[in-house]
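Trainee: Have a look at this one.
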Amino acid sequence: MSLTTAHSVVAPSANSKRIAGTIIVLYALISIVPLLWIFATSFKTPPDSIAYPPKILFQPSIEGYCNLFTTRTRQTPDYINSLGPATGFCDETSRKRNMVIAGPSNFLPRFVNSLIIAFGSTFCAVFLGTLSAYGFSRFKVPLADDLLFFILSTRFMPPIAVAIPIYLMYRELGLSDTALGMILLYTAVNVSLAVWLLKGFIDEIPREYEEAAMIDGYTRLQAFWRTVLPQATTGIAATAIFCLIFAWNEYAFAALLTSGTAQTAPPFIPTIIGEGGQDWPAVAAGTTIFLVPILVFTILLRKQLLRGITFGAVRK
Amino acid sequence: MLNRTAENVARATPEPLARKVRGISDKGLAWLFISPTILLLLAINIFPLFWAIYLSFTNFRANRPNEVVKNLGFANYQRILGDQDIWIAMQTTAHFVFWTILLQTLIGFTLAWLIDRKFRGHAFWTTIILVPMMLSPAVVGNFWRFLYEPQIGLFAYAISFVTRIPPTDIQMLSNVSLAPWSIIIVDTWMWTPYVMLICLAGLRSIPEYIYEAAEVDRASNWRQFWSITLPMALPFIMLAVLFRGIENFKMFDMVNLLTGGGPGSTTEVASITLKRQAFESWRTGYSSAFAIILFVAVFGLANIYVKALNKVKQR
């Protein structure tokens, strides 16, 4: 210890750092290529998107985005020209470029469905999860361990396995293909994560705060509201984003239980068809728009990510 | 991971304060707080599960709700255990779980081990690596179909650029022997960051003084790796394997979008078989029995694994 400082004994050498850095940067660059490709494709014209060899340099176009959001039925440039003056940006673009519109797109309503269902179920899951987590964290609940394991075990089931009876149940109750049905379902799936994560966060808040509040004359409920909730805000926000990401990305239930009015974007995007096959620029545009919120959340969540993906079993 | 809850319950509310009843009693409040969650889970998870158990003993078909339902006893279960196709699907699933976990653990741990060196800019590049796992498997799987396209796709182009094999020969999705690998590649691309993140937490949890002591004892780097790094990170690696194992056992979205189980049934994993039986052939009773068998299998394997994990942790 006297000869070298404690740190230099185990600190990696500059050389090994350089090698490690190079490998990591290479891996990161390769793994991000598919996403950059999606982004690039969304700005290509349909012929450019299927050119071989793949075009890295191309004239950017927003045809993909126009085709994604158009409400016009399938039509040719001649037909569009016969309609009179162009209304709106997309009309002008399709006229200027002599685009062939592939058909009315349902992307916008599907995207709105995704928003409603993801935010609705997140709100419910976090609300129920916060209450339960507080209950498990602060009170003597009979069979608490078994109940917590039961809550976790609901995640072991393959979604397709529960989908059959849920499909039948929803058909009986008139909940099939409704946003309410999907919100209830995603809430049930997410509440397990919310309870486990939030219990970890609430366990970390010292009980002394509530005790002090209760000595000051607050009831337990007021103490929960005034002291615990404000302390748990960060944890609640992180939990909410994890629930949101799950509900936003979910595919299996959405594909099996919704077909029209309540369909979300994940099962819809693969069905975007254009002239003779998939309209890849439109698919890429839908994918890009769909991925952007998640990318923003990922960057915001970096520090909490580990907790969220392991149900709080691992803390950093 | 599950034992911790016991400790938390043990140090519950101090008695005198808990007894201070004003407004709602603590007991009432606990019940009030916990019951909505339990009721929701009973309605949307447990009730359907029991319904599925009931259906698994019948010949019910969801597309013919008016037909008389006959009780078949254990006939559905017997038929499943004797059904060749279902065993093939289970083998395919096992094959996927094995390869994805092996690749993800190897690559993920190596990446974590390299990032742990804290080179300049490591935080930024780690974030970049984490992006794929945050995306929707379905949306990403659909786009990988485009990348795999032999005539136009980037993947075939890149491979053919390196190997000089003509791109038309790189039929990732329609070639019987390549199709399973096309799914394994996407799954590994997507979920390696997940394993990496958990491994990184494991490596960061090893206290520095252990390495200092090993250095004083003049242990070689190799020796330090095998005697300190790996054993101390093992519980974390095992946790990652548990989570990935459960998820990949249930794998549906990626397979459904990339190959749909084909070509033939070469990539037909259990979830895809289940979907075909339940929502295409409408054999509701039969598929319910299969679902119950799958659930029991996941539950049983996960329980055995958690026991092993706890043993490793206590060492």
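The values are calculated or read from the model by the stated rules, or taken from the named source; none is laboratory data. Everything numeric in this text was worked out from a predicted model, so none of it was measured. Virtual Cβ from ideal backbone geometry, glycine too; neighbours counted across all protein chains shown. Each accessible area value is taken on the protein alone, full model and side chains, heavy atoms only, with ligands, DNA and RNA left out. Shrake-Rupley method; radii C 1.70, N 1.55, O 1.52, S 1.80 Å.
Trainee: Counting only protein chains, not ligands or nucleic acids, how are B:TRP226, B:TRP51 ordered by accessible area (probe 1.4 Å), most first? Could the numbers behind the result be given before it?
Mentor: On the way: B:TRP226 130, B:TRP51 60 Å².
Order by accessible area, largest first: B:TRP226, B:TRP51.
Trainee: Report, to the nearest 10°, how far helix A:107-138 tilts away from the longest principal axis of the Cα atoms in chain A, using its own Cα long axis and a range of 0 to 90°.
Mentor: The two axes meet at around 0 degrees.
Trainee: Can you figure out the FRET efficiency of B:GLN91 with A:ASN106, using R₀ = 45 Å and their beta-carbon distance, to the nearest 0.05?
Mentor: On the way: r = 39 Å, r/R0 = 0.86.
E(calc), rounded to 0.05, equals 0.70.
Trainee: Which aspartates and glutamates does A:LYS17 reach when only Cα atoms under 18 Å apart count, and residues fewer than 8 places away in its own chain are ignored?
Mentor: Hits, sequence-local ones excluded: B:ASP116, B:GLU208.
Trainee: Just to confirm, what accessible area per residue do you get for segment B:44-186 at 1.4 Å probe, in whole Å²?
Mentor: On the way: 7000 Å² over 143 residues.
About 49 Å² of surface per residue is accessible.
Trainee: Segment B:33-93 to segment B:237-275: how many Å between their Cα centroids?
Mentor: Taking the Cα centre of each part, segment B:33-93 and segment B:237-275 sit 20 Å apart.
Trainee: Related question: Mind computing the radius of gyration and Dmax over the alpha-carbon atoms of chain B? Å is fine for both.
Mentor: 24.9, 79
Trainee: For a quick check of your reading of the filter: which trypsin sites (Lys or Arg not before Pro) in segment B:213-313 sit in a DSSP loop and have no more than 14 other Cβ atoms within 10 Å? Show your work: numbers first, answer last.
Mentor: Numbers: sites: B:ARG218, B:ARG223, B:ARG244, B:LYS250, B:LYS275, B:ARG276, B:ARG283, B:LYS307, B:LYS311, B:LYS313; in loops: B:ARG218, B:LYS250, B:ARG283.
Taking segment B:213-313 and a limit of 14 other Cβ atoms within 10 Å, the loop trypsin sites (Lys or Arg not before Pro) found are B:ARG218.
Trainee: While we're looking at this one, here's another question. Cα to Cα, under 19 Å, and not fewer than 8 places away if on the same chain: which aspartates and glutamates meet these conditions relative to A:LYS55?
Mentor: A:GLU63, A:ASP279, B:GLU149
Trainee: Could you tell me the accessible area of A:THR122 in Å² (1.4 Å probe, neighbours in place), rounded to the nearest ten?
Mentor: Here the accessible area works out near 10 Å².
Trainee: Quantify, in whole percent, the carbon and sulfur part of the accessible surface of the protein assembly as shown (1.4 Å probe; protein heavy atoms only). Present the calculation step by step, with values, prior to reporting the outcome.
Mentor: Numbers: 18400 of 28180 Å².
Whole-percent figure for carbon plus sulfur exposure: 65.
Trainee: Heads up, I need the accessible area for B:TRP191: 1.4 angstrom probe, whole protein in place, Å², nearest 10.
Mentor: Surface accessible to solvent at B:TRP191 totals approximately 50 Å².
Trainee: Only Cα pairs under 8 Å and at least 6 apart count here; give the relative contact order of chain A as a rounded whole percent. Show your work: numbers first, answer last.
Mentor: Values: 341 pairs, mean separation 81.2, N = 316.
Relative contact order for chain A comes out at 26 percent.
Trainee: Rank these residues by their accessible area, most exposed first, probe 1.4 Å: B:TYR194, A:TYR79, A:TYR167. Intermediate values should be presented prior to the final figure.
Mentor: Details: B:TYR194 15, A:TYR79 115, A:TYR167 50 Å².
Largest accessible area first, the residues go A:TYR79, A:TYR167, B:TYR194.
Trainee: I've got another one for you. In percent, how large is the relative contact order of segment B:75-314, given Cα pairs closer than 8 Å and 6 or more residues apart?
Mentor: Working: 249 pairs, mean separation 68.6, N = 240.
Here the relative contact order equals 29 percent.
Trainee: What does the structure give for B:116-128 when I average, per residue, the other chain Cβ atoms found within 10 Å of the residue Cβ?
Mentor: 5
Trainee: Mind checking the angle between helix A:14-41 and chain A's longest principal axis? C-alpha axes, 0 to 90 degrees, to the nearest 10.
Mentor: 50 degrees
Trainee: Given a cut-off of 18 Å, name the pairs among A:LYS140/A:LYS199; B:LYS250/B:LYS307; A:LYS140/B:LYS311; B:LYS250/B:LYS275; A:LYS303/B:LYS311; A:LYS140/B:LYS313 whose C-alpha atoms lie farther apart than that in the structure shown. It would help to have the intermediate numbers written out before the result.
Mentor: Details: A:LYS140/A:LYS199 14 Å; B:LYS250/B:LYS307 21 Å; A:LYS140/B:LYS311 28 Å; B:LYS250/B:LYS275 12 Å; A:LYS303/B:LYS311 29 Å; A:LYS140/B:LYS313 27 Å.
Correct reply: B:LYS250/B:LYS307; A:LYS140/B:LYS311; A:LYS303/B:LYS311; A:LYS140/B:LYS313.
Trainee: Arrange the peptides B:258-270, A:15-27 so that the one whose residues have, on average, the most other Cβ atoms within 10 Å appears first. Could the numbers behind the result be given before it?
Mentor: On the way: B:258-270: 19.8, A:15-27: 15.8.
Packing order, densest peptide first, comes out as B:258-270, A:15-27.
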